[in-house]
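For reference, the structure discussed in these notes is given below.
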Amino acid sequence: MIVDEIKREIIQNGKAKLADPGRYIYMKRQALASINLVMASLCYGVSFAFTGTLLPLIREYVDEESETWLAAINVGVMILGSYLGLLVAGCFGNKKCLVLTDIMSIAGWFCLSLASDFFTFGIGCTLVGFSSGMKTQVSLTYRVEIPEKDLRGIISTIITSAYMLGILMGHLSAIIFPWRAAMRFCSLSPIISLFTITLIPESPTWLLSHGYKDEAKNIFFWLRGQTPQSENEFSNMMKKQTGSEGCAEIGSNLRKMCSKKFFIPFVISAVLLTAQSGSGYDVLVVYTEDFLSNMSSQINTGNVTILFDIISLTFCILLCFFIKLMPRRTIFFCSSAGTVITLVLLILIIIYDWSGDILTLCLCVYTACVNLGILPVSWLVLTEIFPESKRDLGICVSTGFFSFFTFLLVKLVPILVFRVGIVAALALFIGIVTICNFVLFFIMPETKELSLHDMEEAIYQGKFYKCFEMVGCKNQHYIVND
């Protein structure tokens, strides 16, 4: 059947040659190698969700103030986890780092299942949060290296869908099982992830940076096939490597962070992640039941929570199709517009005390808008825009920034709700998303169907409009001169 799919292509010398006959085999290999990334995203979703439904169940052991600290700890230590992941991956490789994160996550969940005081709960949340931060750092690097440009968007949205499935699993476990059994159930995701690590090869970029040229070449061509395009891409990778750097050094990283090639994409990614976190969805996940009860007493919080999770998962799966058909910018800005409009409607519904059914419907539309673009596209573009030599550090600093900003929201928004009201929190989300979208309209490049090398050359010369020309868009209003 594969032979029937072979097509002739014109290469530079003008002669017709058969395309790589094993292309679909390599696509399957890329999909297989991405299974662990799907599991990593699932683990992250479970760890993010348990604060929303499981923490309220342990109030016989901790007071409400301690509960907010546990939620903040789980998110806050992800910042340290991101930087620890960079150091561990730099020294021992991305694959070994993933093994360590799964072991830490399993230990954290079992610690939570046995806890009976704030200190033990804190240790469990710290281990789970650390592992989530490390896992996010490494899996985002893999996410952009493994698939070819035609599959990058689809695989990335599938991985984001796994995050939504993890949130659904975390919320369902709190409803189905007693809380200690639910904690043990949550440990299944890192256990399965630990076994799927055998399917993923070591990062070719890491191998090249540590002098393992032949092994990196074999893995890269095993994933992509040995075609003129893949050979050219691997050649570009080799040119950007200056040899083994050993473990990540602080001085070297500081020099990278001061360079223009790092600063421009970091600004873009920081604004993207601020818009995503500032949309309020992550805070809603962490404080699901408390927020819903504050919005209306007519809502069945348990059922609505599961409904939101199903909607999130459904629209992330739908995005797998849209991401192939539509530009990233179009999806992101349409999603952001829908998010802002629904947040405004939520404020009006709460002020005028409309029925719980209308409020639930509006929340469903809000959930769909966030998950149809603003959340998954942010992470996708983040992984694409950093140059190869600075990608690990760029993803590390960006995820650390995201964790810190989310930590602030998780800790401060409940105080705002308590002192001013839920309307003030929704207005804050509207302001953050609106300001970020205004900035992104001028600086966010279009990355659809571009190779990483092409994007790097266009973005880091300060010529964003080239990213539009390469995908057939002639809009040249996105120039950032040196």
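Only the coordinates and a few stated rules stand behind these numbers; no lab work does. Here the structure is a predicted model, which means the values were calculated and not measured. As a convention, Cβ positions derive from the backbone with ideal geometry for all residues, glycine included, and neighbour counts pool all protein chains shown.
Some points to look at:
- Our analysis of segment 311-366 gives Rg over Rh at 1.09, with the two radii drawn from alpha carbon positions and Rh computed by the Kirkwood formula.
- The protection proxy used here, the mean number of other Cβ atoms lying within 10 Å of each residue, ranks peptides 85-98, 212-225 as follows, highest first: 85-98, 212-225.
- Sum of side-chain charges, Phe404 neighbourhood, beta-carbon under 13 Å (Lys, Arg +1; Asp, Glu -1): 0
- Segment 60-132 - charge dipole about Cα centre, Lys and Arg +1 at Cβ, Asp and Glu -1, debye rounded to 20: 680
- Packing here is the average count of other Cβ atoms within 10 Å per residue, and on that basis the peptides 395-408, 428-441, 366-379, highest first, run 366-379, 395-408, 428-441.
- Charge tally around Leu382: other residues with Cβ under 12 Å, Lys/Arg +1 each, Asp/Glu -1 each, net +2.
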